[in-house]
Amino acid sequence: MAAWIQAPKGTKDILPKDSENWRLIEDIMRDEAAIHGFQEIRTPVFERTELFERSVGDTTDVVQKEMYTFLDKGNRSISLRPEGTAGAVRALLENALLNEGIPQKLYYLISCYRYENTQEGRQREFHQFGCEAFGTEKPIADAEIIALAHGIFERLGIRGLSLEINSIGCPQCRSKYHETLRTFLEESKEALCHTCLERLDKNPMRILDCKTPSCGEITKDAPIMKDYLCNDCAEHFFAVQSYLDAADIPYKVNTRIVRGLDYYTRTVFEFISGDLGAQSTVCGGGRYDGLVKQMGGAQTPALGFAMGMERLLLVMKAQQIQLPQPAVCRLYIASLGKAAQMKGFALSNMLHHAAIKAECDICDRSLKAQMKYADKIGAMFTLVLGDNELQQNKAELKYMRTGETMPITLGNDFLTEFLAAITQAESLALGSQS
RNA sequence: GUGGAUAUAGCUUAGUUGGUUAAAGCGCCAGUUUGUGGCACUGGAGAUCGUCGGUUCGAAUCCGAUUAUCCACCCCA
């Protein structure tokens, strides 16, 4: 296969055998968001590079080394979105959605782009479902948005996800904690790994997340954020937990959860799966009370999460979760000759107008080949049209499962007679199942 | 950006110490005498053996480079 006909590294086609599952999952997400009062927002795939630098943070890996950035023909620096929050906040401000009332609750289903090395659960183009809520700093909002994500996993039949939550405090208490942590780590500076040494200045909290055993050894007894939260933050975190308890949503506090995007404050959470490889986070999110103001809006508390579609699909595959199959073709119309093909086309159109799934021959194939095709697509009924049938304006409707046939007229009553046949066949099928 | 493994038809794989025309199963298309699917049988299409270069009389096979995939670091959903 010539290289130019291969999809670019890190991208995947979603083929018919999978796209039905994607659609079903997306439908559940849309519905779950809708019943929580969230409305869809669609924003551009690309934005001005500056937007991501100023929101996601220009010291984060995502912005620093993973963005697809280019100059357009007008010499503007443009980037493909690496995540969804920045665009949502930009649209919120630009269209003054907060003036329409509070809270604003938005969701999106988007593709995102990050220039990374690929591995299981990590691609360069990937898809996210995300929710964002603006205008409330109350802990019940944190619990609601976690409940929304939790509800989606439940409806999809996913088991064994662990919800881990933490509070990384507000800028005030966090900077105090940073100082304490930094002094603690300075003592065993020599033993830290190379990358953690660099983190010491910029973002010491990330060191807690390091998987290098030696760093883990050092941070084992490190001071934890929880003990340094200011009164308001501590109270908030405690209240979030009470609401989760009230909603019967199991969780555990993991003081090592540190999110990699700069805008997070207070509550952060992840849904983690043991059925994935190293990329085990299926859903991540948290509060970002400072972002809207930082982007030029009024001080507006906000929070959100995103879940990775591809990772979700991997978990579901690992757990062998069966989704409902698409509706089968109700009728395949086989035809012999041009006149019969024309009639078959007209009859299938009649069914399509009644929203019934039906197909007729579009390849001029032999009757046998047509029947084989009908069998392959799992057609419920078949109808063979030839000169005889056209003359008599009648045909034999064949129920494929048993091979039984029944007469049907090809005139105006065709639709009603066919509907009756379906009803009868369905009641038979139900009867044979029990 | 770093490390390890892999690369033969649409898919799953075989291919001997380098030796003629690269093999099989599944899938696809068609046929097995009149206008009816599943089963069986027969046939057909489909591979410049990831790509480029080297060694050799001769390379799918040996060597080098490159690309892609998978896994892991890192990062994150």
Percent accessible area from carbon and sulfur atoms, chain A, protein chains only, probe 1.4 Å | 51 percent
Over the stretch A:41-115, give the accessible area per residue in Å² for a 1.4 Å probe, as an integer.
-> 52 Å²
Helix axis angle, A:231-246 relative to chain A longest principal axis, alpha carbon, degrees | 30 degrees
Given the rule -39500 (n - 2.57) for each run of at least 4 DSSP H residues, summed and divided by the residues of chain A, what is its mean residue ellipticity at 222 nm, to the nearest 500 deg cm²/dmol?
-> -12000 deg cm²/dmol
Projected area, mean over directions - chain A, Cα convex hull, nm² = 29.2 nm²
Note the angle between two axes, namely the Cα long axis of helix A:171-187 and the longest principal axis of the Cα atoms of chain A, as a number of degrees from 0 to 90, rounded to the nearest 10.
-> 70 degrees
Once both axes come from the Cα atoms, what is the angle between helix A:85-94 and the longest principal axis of chain A, in degrees from 0 to 90, rounded to 10?
-> 90 degrees
Applying the Karplus parametrisation 6.51 cos²θ - 1.76 cosθ + 1.60 with θ = phi - 60° to the phi angles of the stretch A:334-348, what ³J(HN,Hα) value in whole Hz is obtained for each residue in order, glycine and proline being reported as x?
-> 8, 9, 10, x, 4, 4, 5, 4, 4, 5, x, 4, 5, 5, 5
Of the cross-linked pairs A:Lys105/A:Lys252; A:Lys338/A:Lys368; A:Lys17/A:Lys317; A:Lys176/A:Lys202; A:Lys176/A:Lys226, which ones have a Cα-Cα span greater than 19 Å in the structure shown?
-> A:Lys105/A:Lys252
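The values are calculated or read from the model by the stated rules, or taken from the named source; none is laboratory data. Please read these numbers as outputs of a predicted model, since none were measured by experiment. Heavy atoms of the whole protein, side chains included, go into the accessibility calculation; ligands, DNA and RNA do not. Shrake-Rupley method; radii C 1.70, N 1.55, O 1.52, S 1.80 Å.
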